[in-house]
Structures are given as structure tokens and as C-alpha cells.
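Enquirer: One structure is given below, represented as C-alpha cells, and several questions about it will come after.
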Amino acid sequence: MRGAVEGEMLAFKGIPYARPPVGALRWKPTEAAETWPGVRDGSRFGAICPQIIGQEVKGDEDCLSLNIWRPRVKPAQPLPVMVWLTGGGNHVLSGQGSAGFGGLSYSGEKFVPQGVVFVSYNLRLGVLGFLAHPALDAERPEKISGNYGSLDQIAMLRWLKDNIAAFGGDPGKIFLFGTSAGGGNICALMTSPLTRGLIHGVAMQSSVPSGCEIQTLDNARSGTGAKVASTVGCDGTADVAACLRGKSATEIVAAVPGTFTVLPRLYGPNVDGQIFPDQPLKLIKEGKVPSMPVIIGNTSEETMPWADTAGKVTDDTSYAAAIDKVFGAASREKILAQYPVKSYATPRLAFMRLTTDAEFTCQSRRVARAFSAKQREPVYRYIFTQGQDNDPALKAAGVPHTVEHAFLFPGKYAPTEAESAVARRMAAYWARMARAGNPNGGNDPPWPAATAENDSYLEIGAATAAMKGPAEAKCDFWDTVTLPQPHL
């Protein structure tokens, strides 16, 4: 590979980590990349995977590549490796960046100067990455389907174990961090027998699914899988798998677009008994997951962008109806007793508050408690409270889902001085976690490990400080509410 200089970094982009999953390899387990002759140009990103951007399907199925940033001078000693898992509901985004939060570039600019190697990558998305269907089960000896995107992630981690040393990285110190679908994917990957020895620390941020509970193979087949086959006209054909593979990427990707709501997502990993043997949270609680340092947390107003996605919430009636839709009618009255609409400025804000507490803050506490009860390595919890105040539209959005990742990457938005200080502190915590398995150090406020007894977390914002609880999230109450499966 020939890299390209970016400031004090050397970047190697568009490195294929797997064979292109095209033609007969569509909806097949990931295969190892082929070698190439001579020197490969590493100055340009590879193609993004097919996805809907605006109203169009963009990208190319030949998209399984990764990108590496390291110090310009190759380090004398191998450096820890920070691997970024994007959000995007498992149906959009890539290792290049995001148009959100003013536009972000997923580069190592904020991490490499702190003594790490940074990696981003692409995986198969949406229907191409996670389609489960009986016709695809029949092709495999294990009789399973879906999880192709997850197998891509595992192939990427194996590639790093075999090759990252050549780029100055330490294959024995691979740290995964990601928001939203990326955080949820991390929790699943930690519990897979196929990742043993490949992951050494994690940060799960604004994770979806937030409670480390994923859909079952039956959920995936009977829900999205059946709908896709029906929509493209393959349902009931003599050879459903051949019919599906005969569709163009545009046809198949556009069939059932992914969603962003307070309701369950359409695409993502499933419990198939092989790649993912059981519910991740169950395996964590049983102590069947390798012990490693963990960061887990969320923003203070996660569901602000989705507060009308279970129906527009404008009054008492629509508020109750939205609660029914997310939590089931049987839970409505006890939720209303805890979150009376009159206690909030608007019914919409009441719904935002209760869904943020139920689906994120208290799920983060639940997962943190499960890890800390079963492993010797520490668990660090956070709640992010800093918005983007230097732009009217972004400021009005509050502290929404995944805004914390806008503080970890460079972008077009011009942060205030106070926001830049938060960003520097956050990147330092994360880099120390990757290097030492402990985010503490420097002159930053101490971040205590979380346990069931102390419920400690770090509030990251204008006034970063260690806190307890928080009591106002009513997590003891939410522990009594059974969320419908599969849940967010």
C-alpha cells in the first residue's frame, strides 16, 4: 500500500478486507480478500455500500474496504488500534463520514496525535447485509441467514489481527467504539464465539438496540425478510434465492427502506444460534463474554428527533396512544403515573423524556450493571449533555441521539470554545481507554467505574463531573416494565 500524507498523519484508504460480495456471493458469508500485484494506491476511499441517500440508491456492492490513519512517522512500538463502527441503523453511512451534525469526517485527526492507530470501514448494509429468508437458510449447512454485515465486521477484525502490525498497530489491543447501530453491533460482536481474541475493549455510545437484545432469526425472517421478498415479486417463485439475486442493487435496496424511530429497527444482527448463539444481554449476565474494559452511555435527549415517530404527540390522547404503541397498553397507566403530561412543557417533550429514560439511560444502566456484576475489568458509564450551540438549527435540536460522536470527529461545524474543550476532553478519555483500559488521567475530572452498588456515571458536558443515578431517569421503575420484543 502507498499511503497519503494528511497533516501529521499517514492515511491508507480503500483497503479491501474481503472479497467483493457480488453476484453469487450476494447473501453469502464473507470470504477473505484476494491479494493484488504491485503497490496499491491508498489515497482514495473505496466505494460506499449501497444505501438510500435522499430518494436515490447510491453505492456499489463491491464496497468491503477499510481505512487506516497512523502517525506520519511509523512508531517504534506498536500502538493501540481504535476501530470506529458507524451508526446509521445498519442501512446507511460508511467509513468516510456523515452528513449529520453539520457534516463529519471519520478520520483519526483527534485520536492519532494521542498515540493510537485509527480505523474506519464499510460493511454490507440494509437488505444486502441483514436479509433473513428461508430460501437463504436452505443454502447453508447451518440453516441460517442474515448477519452478513456482522460477518463482514468479523472479517474486518480478522484482517486487522493479521495485518495491522504492518501499519504500526498492535493486534493485541483492538478497541471498538461506535454510536447507535455501531454501539449495538459492538454488544452483539462481543458475545460471538467468532470474535474471541479479536476485541480488547469497547465503547458503546447511544446504542441501538440499547439493551443488548437483538431480534431473533424468526423475527428477521417473518418481518423484514418476508416483506422484502414480497415487495420485489420473488415471494412464491420456484427459486426465491435466484429471484432475489437477479434483482439489481437499486431494486433490492429500495424495496424496504430502513427506519429511524422509537420503534424497533428493520435491519441488524439476529440470534441465529451460530454467529450469535443467544441474546447478548443474557450471555453477559451469565458471564459468558470475555472480560474487557467497557464504556457505555448515551445523550440526555436521545429521542428528541423521533418524538413523533410513534404518532404525532400533541395532547393527552395522542400521548397515551404513543405510549401504547411503544410499550403496550398494559403498561400505559403506570407509565402515565410516573410521567404525567402536566409535568412537562409539552406532551411531545414528555414523550421524549420517558422514551429517552426507558430506551437509553436505563438500558445503559442495566447493561453496565450486567457487565460489572460478572467481570473483573471496569465498566464506565456516561451521559452526554452538551449540544451544538453555535448554529441555530443544531442548537434547537438539543442534545439528540448520537450528538456525542460529533465531538470525536472533525467537521464543518464551528464549535464554541467551550464545545472544543468538551471535545478535547472526550477524545482524551476515549484514547486513554484504548491505550490503558482506563479513561482516567491528565487533568481531566475523575471518572469512577460503575457498579450496581454505586450507579456512578460521568456527566460529559460544560460541567463534566462524576454523578450518581440519575434518580430523575426513574430506572428502578423502568426495570419493572417489560418492553415488547424485539425492542429498540
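Enquirer: In segment 267-422, what percent of the accessible surface is made up of carbon and sulfur (1.4 Å probe, ligands and nucleic acids excluded)? Mind dumping the intermediate values first?
Expert: Working: 3080 of 5910 Å².
C and S atoms contribute 52 percent here.
Enquirer: Cα gyration tensor of segment 352-431, axes a ≥ b ≥ c as square roots of the eigenvalues: rounded (a/c below 1.5), prolate (a/b > b/c) or oblate?
Expert: Numbers: a/c = 3.55, a/b = 1.52, b/c = 2.33.
Oblate is the answer for segment 352-431, as a/c is 1.5 or above yet b/c matches or exceeds a/b.
Enquirer: Taking a ≥ b ≥ c as the square roots of the Cα gyration tensor eigenvalues, with a/c under 1.5 meaning rounded and otherwise prolate when a/b beats b/c, else oblate, which class fits segment 1-58? Intermediate values should be presented prior to the final figure.
Expert: Values: a/c = 3.15, a/b = 1.32, b/c = 2.38.
Verdict is oblate for segment 1-58.
Enquirer: Another question, then. Whole-Hz ³J(HN,Hα) for each residue in segment 383-391, computed from phi via Karplus 6.51 cos²θ - 1.76 cosθ + 1.60 with θ = phi - 60°, x for glycine and proline: what do you get?
Expert: With coefficients 6.51, -1.76 and 1.60, one gets 10, 9, 10, 9, x, 9, 8, 9, 8 Hz.
Enquirer: Name the shape class, rounded, prolate or oblate, that the alpha-carbon gyration tensor gives for segment 168-209, where a ≥ b ≥ c are the square roots of its eigenvalues, rounded holds for a/c under 1.5, and otherwise prolate holds if a/b is larger than b/c and oblate otherwise. Intermediate values should be presented prior to the final figure.
Expert: Values: a/c = 3.34, a/b = 1.50, b/c = 2.23.
Oblate, since a/c reaches 1.5 and b/c is not below a/b.
Enquirer: For segment 440-488, state which GluC sites (Glu not before Pro) are in a DSSP loop and have at most 12 other beta carbons lying within 10 Å of their beta carbon.
Expert: Numbers: sites: Glu453, Glu459, Glu472; in loops: Glu453.
Loop-located and lightly packed - Glu453.
Enquirer: Report Ser291's accessible area, 1.4 Å probe, all protein chains in place, as a number in Å² to the nearest 10.
Expert: Its heavy atoms expose roughly 40 Å² to the probe.
Enquirer: Could you tell me the accessible area of Glu142 in Å² (1.4 Å probe, neighbours in place), rounded to the nearest ten?
Expert: 80
Enquirer: Can you tell me the mean projection area, over all orientations, of the convex hull of the chain's alpha carbons? Units nm², please.
Expert: Numbers: hull surface 90.1 nm².
That works out to 22.5 nm², a quarter of the Cα hull's surface.
Enquirer: With every protein chain left in place, what is the accessible area per residue of the chain in square angstrom, probe 1.4 Å? Please report the intermediate quantities before stating the final value.
Expert: Numbers: 18430 Å² over 488 residues.
Using a 1.4 Å probe on heavy atoms only, each residue of the chain averages 38 Å².
Enquirer: Using a 1.4 angstrom probe on heavy atoms only, work out the carbon and sulfur share of the accessible area of segment 10-128 in %. Mind dumping the intermediate values first?
Expert: Values: 2380 of 4610 Å².
Whole-percent figure for carbon plus sulfur exposure: 52.
Enquirer: A further question on this structure: I'm checking a number: the convex hull volume of the Cα atoms of segment 193-258, normalised per residue, in Å³. What is it?
Expert: Numbers: hull volume 10.4 nm³, N = 66.
It is 158 Å³ per residue.
Enquirer: Using helices alone, what [θ] at 222 nm do you get for the chain, with -39,500 (n - 2.57) per DSSP H run of 4 or more residues, divided over all residues and rounded to the nearest 500? Intermediate results must be reported in sequence, preceding the final value.
Expert: On the way: 16 runs with 135 residues, N = 488.
Here the helix-only value at 222 nm equals -7500 deg cm²/dmol.
Enquirer: Keeping every protein chain in place, order Leu198, Leu263 by accessible area at 1.4 Å, biggest value first, i.e. largest first. Write down the numbers at each step before the final one.
Expert: Numbers: Leu198 15, Leu263 40 Å².
Sorted descending by solvent-accessible area, the residues read Leu263, Leu198.
Enquirer: What does the charge count around Trp69 come to, taking other residues whose C-beta lies under 11 Å from its C-beta (Lys +1, Arg +1, Asp -1, Glu -1)? Mind showing how you got there, number by number?
Expert: Details: positive: Lys13, Arg70, Arg72, Lys110; negative: Glu6, Glu8, Glu109.
After counting each charged neighbour, the total is +1.
Enquirer: Something else: Please give me, ordered by residue number, the GluC sites (Glu not before Pro) of segment 19-113 that lie in loop per DSSP and have at most 10 other Cβ atoms within 10 Å. Before the final figure, lay out the partial values.
Expert: Values: sites: Glu31, Glu34, Glu56, Glu61, Glu109; in loops: Glu31, Glu34, Glu61, Glu109.
Sparse-neighbourhood loop GluC sites (Glu not before Pro): Glu34.
Enquirer: Quick one: Cα centre-to-centre distance for segment 359-421 and segment 173-221, in angstrom?
Expert: Value for the Cα centre distance between the two parts: 18 Å.
Enquirer: OK, next. Past the 19 angstrom mark, what percentage of all C-alpha to C-alpha distances in segment 227-380 do you count? Don't skip to the answer; put the middle values down first.
Expert: Values: 8013 of 11781 pairs.
Value for segment 227-380 (Cα pairs over 19 Å): 68 percent.
Enquirer: Right, something else. Given the Cα atoms of segment 30-140, and with Rh set as the inverse mean 1/r over their pairs in the Kirkwood sense, what is Rg to Rh to two decimals? Walk me through the numbers before you get to the answer.
Expert: Values: Rg = 16.6 Å, Rh = 16.2 Å.
Reported Rg/Rh (Cα atoms, Kirkwood Rh): 1.02.
Enquirer: In addition: Under a cut-off of 25 Å between alpha-carbon atoms, report the lysines in cross-link reach of Lys227, not counting same-chain residues fewer than 8 places apart.
Expert: Cross-link targets: Lys28, Lys58, Lys143, Lys247, Lys325.
Enquirer: When DSSP assigns beta bridges and you keep just the ones with both residues in the chain, what percent turn out antiparallel, to the nearest 5? It would help to have the intermediate numbers written out before the result.
Expert: Numbers: 24 of 55 bridges.
Roughly 45 percent of the DSSP beta bridges within the chain come out antiparallel.
The values are calculated or read from the model by the stated rules, or taken from the named source; none is laboratory data. Quick caveat: nothing in here was measured; it's all calculated off a predicted structure. When we count neighbours, we look across all protein chains shown, and the Cβ atoms used for this are built from the backbone with ideal geometry, even at glycine. Heads up: the accessible areas ignore ligands, DNA and RNA and are worked out on the full protein's heavy atoms, side chains in. Shrake-Rupley method; radii C 1.70, N 1.55, O 1.52, S 1.80 Å.
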